[in-house]
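J.: Structure incoming, see below.
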Amino acid sequence: MTSLINEVHRDLDTLWYTRCGIPTPLGIAAQLGWYQREFSGLGIGVRSLQESNDPQQLASHFEHTLPHSFRLGGSIPPIWARSAGTDTKVIGISWIDEYQVILSLPGSGIREPKDLKGRKLGLPKKANNTTIDVARASALKAFITTLELAGLSHQDVEFVDVLTGQEALEQQVKAPDTAVRRRRAHSYTSVAHALIKGEVDAIYVKDVRGAETAHLLDAHVVIELGFHPDPQVRINNCTPRPLTVNGATVRDYPELVDRFLRTVVDVGFWAEQHPQETIREIATETGWAEHWVRFAYGPDVHKNLHTNLDPYSLKALESYKNFLLQWGFLKGDFDFNAWIDPQPYSRVLQNYIRKTA
C-alpha cells in the first residue's frame, strides 16, 4: 500500500498546515509529532506555515492560497477566502467554547445588556484593510448578539471605530513550531485604552487575552457569551472552527487528505484520555499559563477537541457566513453546501467503525 501511495504522490513532497494561536486538535497533533509519524515513511514533509519567512506563504494563513495546505482556526479568514473565489473545502469542524465577554468599567452604569442602549461600543478597525478585519467582525457579532438578547438593535447604540495595529499583532516572533510562540503586542491594547479614556463605554474580548484584560482593568462583565447555555449565542469567529484544505488536494490526493484528517480526529480521542497532558500541550502551543487555559476554555476542554461534521456545527458555520455577508465583510456569497466535502470524514469514520467492530 505504501509503495502505491508513493507512486500516486510522486510529484508532491510537502504538506503545509496553519492554525491560530488558540487550542486546536491540529496544533496538538503538531506538538505531539504525529504528522511526522504519519507521513515521514511516505517521503512527504509536513511543515508549519508559522515557520516560514516568505510573505506570500504567510499570507496564506488568511487567504489560503498555498497549495496542499490545511488550516484549522477561526472561521472568518476561510469564509472570506472562499467568498473571494479561493478553491477550498471544509473537511471537518472543531467546536471549542471559550471565554467571550462584553466588558464595561465599574461606575459606568452598564451592568447588563439592556444598559448598552444609547452607549458607545468600541469596534476595532485595522489601519490597513487588505484582508478581512477579523477583530472587527468578531466584536460586531458579539455586540449584535448581545443587543438582540436585550431586545435592542444596532440602531440603539453608537459604534465607535478604534484604530488598531491588528496586522502587526498577528505577526508572531518566529520560533521552532513546537516552542512557545510569544506575541509582539497584546490583542486588546487599543480597545482597552479606548475604554479607560472614556472614548467608548464597552468592548468585546475573548480567550486568555480577553480574560487577562478583564482582570487587569477590574472590569465588569456585562454578559458572558462564550459559555452561554444557548449555543447560538456562542457562535463567533472561533466557535465553530473549520478545517479547510485546498480543493485540488482533496481531488488529487484523497488518501493523503484522509491521513491528515485522521491524525487531527485522533487528537480528540487522545485528549479525553489525557486531560493533564492536554492542558500542558495547549499551554505550550499557545504560550499561555495552564491556569489561564483552564479559566478561558473550561475544566472540560480536554473533552471538546473532537473534529467532525456535526450537523449543528455546520448550521452554525453557515449562519456565521450569512452574518458576515449581511454586514458587508465578504466580497460575495457562495454555495455553502458545495463548500463542504463530507467524503474524507466519512472515510475516516468508516475506518474507526471497522476498528471497533
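The values are calculated or read from the model by the stated rules, or taken from the named source; none is laboratory data. The structure displayed is predicted, hence computed values, not measured ones. Methodologically, a virtual Cβ is constructed for each residue, glycine included, from the backbone with ideal geometry; neighbour enumeration extends over all protein chains shown. When the accessible area is computed, the model is the full protein with side chains, heavy atoms only, and any ligands, DNA or RNA have been set aside. Shrake-Rupley method; radii C 1.70, N 1.55, O 1.52, S 1.80 Å.
J.: Quick one: in region 50-88, of everything that is under 24 Å from Tyr253 (Cα atoms) and among the β-branched types (Val, Ile, Thr), which residue is nearest to the chain's Cα centre (by Cα)?
T.: Of everything passing the filter in region 50-88, Ile79 is nearest to the chain's Cα centre (by Cα).
J.: Does Lys321 satisfy the criteria of being modelled with pLDDT under 95 and either farther than 18 Å from Gly226 by Cα or in contact with a Cys (Cβ under 6 Å, 6 or more places away or on another chain) (or both)?
T.: Values: modelled with pLDDT under 95: no; either farther than 18 Å from Gly226 by Cα or in contact with a Cys (Cβ under 6 Å, 6 or more places away or on another chain) (or both): yes.
For Lys321, the condition - modelled with pLDDT under 95 and either farther than 18 Å from Gly226 by Cα or in contact with a Cys (Cβ under 6 Å, 6 or more places away or on another chain) (or both) - is not met.
J.: Still on this structure: How many residues, within region 332-357, are modelled with pLDDT of 95 or more and not in a loop (DSSP other than H, G, I, E, B)?
T.: 11
J.: Looking at Thr284 and the list (1) open to solvent by less than 40 Å² (accessible area, probe 1.4 Å); (2) within 14 Å of Ile28 (Cβ to Cβ); (3) assigned to a helix (DSSP H, G or I), which single condition is not satisfied?
T.: With (1) open to solvent by less than 40 Å² (accessible area, probe 1.4 Å); (2) within 14 Å of Ile28 (Cβ to Cβ); (3) assigned to a helix (DSSP H, G or I) applied to Thr284, the lone miss is (1).
J.: Please go through region 210-223 and pick out each residue that is in a helix (DSSP H, G or I) and either open to solvent by less than 20 Å² (accessible area, probe 1.4 Å) or at pLDDT below 95 (or both).
T.: Gly210, Ala211, Thr213, Ala214
J.: When region 140-166 is examined, which residues are found to be open to solvent by less than 50 Å² (accessible area, probe 1.4 Å) and of a type in the set (S, T, N, Q)?
T.: Listed by number, the residues that qualify are Thr145, Thr146, Ser153, Thr164, Gln166.
J.: Looking at Pro299 and the list (1) in a helix (DSSP H, G or I); (2) over 17 Å from the mean Cα position of the chain (by Cα); (3) at pLDDT below 95, which single condition is not satisfied?
T.: Unmet for Pro299, out of (1) in a helix (DSSP H, G or I); (2) over 17 Å from the mean Cα position of the chain (by Cα); (3) at pLDDT below 95: (1).
J.: Looking only at region 233-264, count how many residues are part of a loop (DSSP other than H, G, I, E, B) and open to solvent by 10 Å² or more (accessible area, probe 1.4 Å).
T.: 2
J.: For region 43-78, how many residues are part of a helix (DSSP H, G or I), of a type in the set (D, E, K, R) and either modelled with pLDDT of 90 or more or touching a helix residue (DSSP H, G or I) at 6+ places or on another chain (Cβ under 7 Å) (or both)?
T.: 1
J.: Go through (1) part of a helix (DSSP H, G or I); (2) open to solvent by 10 Å² or more (accessible area, probe 1.4 Å); (3) within 20 Å of Thr145 (Cβ to Cβ) and name the single condition Phe329 misses.
T.: (1)
J.: Regarding region 224-232, can at least one residue be identified that is under 30 Å from Gln343 (Cβ atoms) and either open to solvent by 10 Å² or more (accessible area, probe 1.4 Å) or not in a helix (DSSP H, G or I) (or both)?
T.: Looking through region 224-232, at least one residue is under 30 Å from Gln343 (Cβ atoms) and either open to solvent by 10 Å² or more (accessible area, probe 1.4 Å) or not in a helix (DSSP H, G or I) (or both).
J.: Can you pull out every residue in region 309-324 that is out of contact with any strand residue (DSSP E or B) (no Cβ under 9 Å at 6 or more places or on another chain) and either open to solvent by less than 10 Å² (accessible area, probe 1.4 Å) or touching a residue at least 40 places away in the same chain (Cβ under 8 Å) (or both)?
T.: Tyr312, Ser319, Lys321, Phe323, Leu324
J.: Same structure, new question: Between residues in region 280-308 that are of a type in the set (Gly, Ala, Ser) and residues that are not in a helix (DSSP H, G or I), which pairs lie under 7 Å by C-beta distance while being six or more apart or on different chains?
T.: Close Cβ pairs (under 7 Å, with a partner that is not in a helix (DSSP H, G or I)) amount to Ala283/Ala289; Gly287/Val180; Gly287/Arg181; Gly287/Arg182; Ala296/Glu98; Ala296/Tyr99; Gly298/Asp97; Gly298/Phe227.
J.: Right, here's the next one. So Ala81 clears everything in (1) assigned to a helix (DSSP H, G or I); (2) surrounded by fewer than 22 Cβ atoms within 10 Å (Cβ to Cβ) except one condition, right? Which one?
T.: Just one mismatch for Ala81, condition (2).
J.: Within region 227-245, identify whether any single residue is touching a residue at least 60 places away in the same chain (Cβ under 8 Å) and more than 18 Å from the chain's Cα centre (by Cα), and answer yes or no.
T.: The answer is no; no qualifying residue exists.
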